[in-house]
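Quick notes on the structure that follows.
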Amino acid sequence: MKDFTIPKGYEKILETKGDLDKDGKDETVIVFNTDKTPDLESPGLVRKFYILKNINGKLKIWKENSTLIFDSKTGFYPNDNKLELIIKNNCLIINQMYFTNSRHTDTSKHTFRFQNGDFYLIGVSINYDDTCEYNFKNEINFSTGKVIVSEEYSDCDDGSNRKIPENYHKEFTYKLPKLIKMSDYKMGKNEIKIPNSKKSFNF
């Protein structure tokens, strides 16, 4: 493992500690704003996190990732974005929220566990919420295979005659051929088709 030093131009925005590999010692996870933008069109900065191990009093880079955390200017109201990293039950949990427009929020929770020598995605929860019209929530636990899909609709009470769709709730079991490594996971690029339905959701 390489020694860790803060890269030039990086700004620390978040830090948490906890035991990720059940060795009785805390790892350190730090999130930075980098000095890079995602592309020429985006004003935001790429965010990167490091998982660090303390070996003989020195922090060493165990894992690093720059694809799992939204950039600093994602969404409609970037100043209201929320980011939280938690280490619980030897898992790294990444909670994020941003506004997709003035009424809609996208809230996600991704849980990674260290097993078989690497970090694997073991749970995802995604919530799309409108201030008055709908609330969609998709959850999957890859350890148990349990999937919950929920769609709740409501009346905006804005005088319109909009027909309100029926609420939808489905629970089923889904098994991945193999768990997805943290380094291979692409947010939003994976699809699960809902049995006996034309519906599906991406995670």
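The values are calculated or read from the model by the stated rules, or taken from the named source; none is laboratory data. Given the structure is predicted, the values throughout are model-derived calculations rather than measurements. For neighbour counting, all protein chains shown are included, and Cβ atoms are generated from backbone atoms with ideal geometry for every residue, glycine included. Surface accessibility is based on the protein's heavy atoms, side chains included, excluding ligands, DNA and RNA. Shrake-Rupley method; radii C 1.70, N 1.55, O 1.52, S 1.80 Å.
Using a simple spin-label model with pseudo-atoms 7 Å out from Cα toward Cβ, PHE99 and LYS170 lie 3.2 nm apart.
Calculated accessible area for the chain comes out at 60 Å² per residue, all protein chains present (probe 1.4 Å; ligands, DNA, RNA ignored). Here the gap between LYS199 and ASN161, fully extended at 0.36 nm per residue and compared with their Cα-Cα distance, gives a gain of 11.1 nm. Note: relative contact order over segment 35-77, using C-alpha pairs below 8 Å and six or more positions apart, is 38 percent. Taking other residues whose beta carbon is less than 15 angstrom from the beta carbon of PRO177, and scoring Lys, Arg as +1 and Asp, Glu as -1, yields +2.
Considering segment 1-93 at the alpha-carbon level, its Rg and Dmax are found to be 14.3, 45 Å. Computing FRET efficiency as 1/(1 + (r/R0)^6) for LYS146 and LYS58, where r is the C-beta to C-beta distance and R0 is 41 Å, gives about 0.50.
Entry note: the chain has Rg to Rh equal to 1.01, where both radii use alpha-carbon atoms and Rh is the Kirkwood radius. Go ahead and set up a Gaussian network model of the chain, Cα springs under 10 Å, then flag whichever of TYR134, TYR98, TYR120 fluctuates most. The residue that fluctuates most here is TYR134.
Charge tally around THR74: other residues with Cβ under 13 Å, Lys/Arg +1 each, Asp/Glu -1 each, net -2. Take every pair of alpha-carbon atoms less than 8 Å apart whose residues are at least six positions apart; their mean separation over the length of the chain yields a relative contact order of 11 percent. Its relative contact order, with pairs defined as Cα atoms under 8 Å and 6+ residues apart, puts segment 60-152 at 16 percent.
Each Lys or Arg adds one and each Asp or Glu takes one away; over the other residues whose Cβ falls under 11 Å from the Cβ of SER150, this sums to -2.
Full extension of the segment from ASN79 to THR67, taken as 0.36 nm per residue of separation minus the current Cα-Cα distance, would add 2.3 nm.
Applying a 4.7 Å Cβ-Cβ cutoff to the chain, the cysteines left without a disulfide-compatible partner are CYS91.
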